[in-house]
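A quick write-up on the structure given underneath.
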Amino acid sequence: MIMKNTFILAVVALILAGCFGGKSTELGPGEVVQEYYKAICSGDFGKAASLCDTICMTGHIEEVRNVWEQQDSTITAIIADILSETEVEITDIQKDGDNRNVFYKLANPSYEGKEEIAVVGNEEGEWKIKSIITGRQ
């Protein structure tokens, strides 16, 4: 009987570890920035918005969406092709109070971007982009 109970407890522990333990799916500040740009580059503005502080970044996302949607399909296809090769290279992450300043570059084979900064804050247990400072030298 003791062996049976031990076996049952072991199986339950393994199941619970699979449900609640192991690798976390929570994104860190740098990963949020990378996922944001993946979403923007693929035209998934809903996902991009979900990675942002809704109050601070709504205008930015709408501006990007408007530029994207105003292009004809040929230009959009060319842009999508270029963006599919774009990488987000995180160069540094610095703590600034409760926020993190994520320093990064957007680059692809034909363009080496300038360093940019995303201010990322914790909102209800998840990291969210609060602002993006572009074109920093």
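Listing for the model above:
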| read-out | value |
| --- | --- |
| Potential lengthening between I55 and A80 on full extension [0.36 nm per residue; Cα-Cα distance subtracted] | 6.3 nm |
| Segments 75-88, 100-113 sorted - mean Cβ within 10 Å per residue, highest first | 100-113, 75-88 |
| Candidate aspartates and glutamates for bridging to K95, where Cα separation is under 17 Å - those fewer than 8 sequence places away on the same chain excluded | E31, E116, E123, E126 |
| Interchain or long-range residues, amide H under 5 Å from E87's placed H | A107, N108 |
| Equivalent ellipsoid semi-axes - Cα gyration tensor, the range 20-94, angstrom | 25, 16, 12 |
| 14 Å beta-carbon shell around H60, net charge (K/R +1, D/E -1) | -1 |
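Only the coordinates and a few stated rules stand behind these numbers; no lab work does. Only a predicted model underlies this, so the values are computations on that prediction, with no experimental measurement involved. Don't worry about glycine lacking a Cβ; one is built from the backbone with ideal geometry, like all the others, and counts go over all protein chains shown.
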